[in-house]
Amino acid sequence: MNPKNVGVIENPDGYGKVGNPICGDVMELFIRVKDDIIADIKFKTFGCGSAIATSSMITELAKGKTVDDALKITRKDVADELDGLPPQKMHCSNLAADALSEAIKDYKSKKKKK
């Protein structure tokens, strides 16, 4: 009911966008990284309550972790932190983990170019 870390980070260090064409959910995730640690993370989600809840939870789980540790967050971790999701909503936790992974991949690819 009270999602955290909603918003956009201008000129993020990493950006990920994923969607599920079946249900129409779309998640955008923005990260700011300092010394290889996720210092700030925000999301914008268009979708159901479960999609918003999983987006919020992934930001809470990832903030303060190294990028490599954040990459290890699984869809099960997200669902467990939310005390479970209905089976038909588990795809939402997939999107959250995938969006984080995409943002970290983007960050790492930009870092290599520097």
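None of the figures in this text is laboratory data; all of them are computed from the coordinates on show. It should be emphasised that the depicted structure is a prediction, and the values quoted were computed from it without experimental measurement. A quick note on method: Cβ atoms are made from the backbone with ideal geometry, for glycine too, and the neighbour counts reach across all protein chains shown.
Brief remarks follow.
- Pairs where the first residue, in region 1-29, is in contact (Cβ under 8 Å) with a residue 24 or more places away in the chain and the second is part of a loop (DSSP other than H, G, I, E, B) and crowded, with 20+ Cβ neighbours inside 10 Å, C-beta under 9 Å, 6+ apart: Val18/Asp25; Gly19/Asp25; Leu29/Pro12
- Count - residues of region 58-106 that are surrounded by 21 or more Cβ atoms within 10 Å (Cβ to Cβ) and closer than 16 Å to Glu28 by Cβ: 11
- Scanning region 16-64 for residues that are among the polar types (S, T, N, Q) and not in a strand (DSSP E or B) yields Asn20, Ser50, Thr54, Ser55, Ser56, Thr59.
- Given (1) in contact (Cβ under 8 Å) with a residue 40 or more places away in the chain; (2) over 18 Å from Asp40 (Cβ atoms); (3) out of contact with any Asp or Glu (no Cβ under 9 Å at 6 or more places or on another chain), number of the condition Leu95 does not satisfy: (3)
- Residue check, Phe30 buried (at least 16 other Cβ atoms within 10 Å of the Cβ), among the hydrophobic types (A, V, I, L, M, F, W, C), touching a Pro at 6+ places or on another chain (Cβ under 9 Å) and within 14 Å of Asp98 (Cβ to Cβ): no
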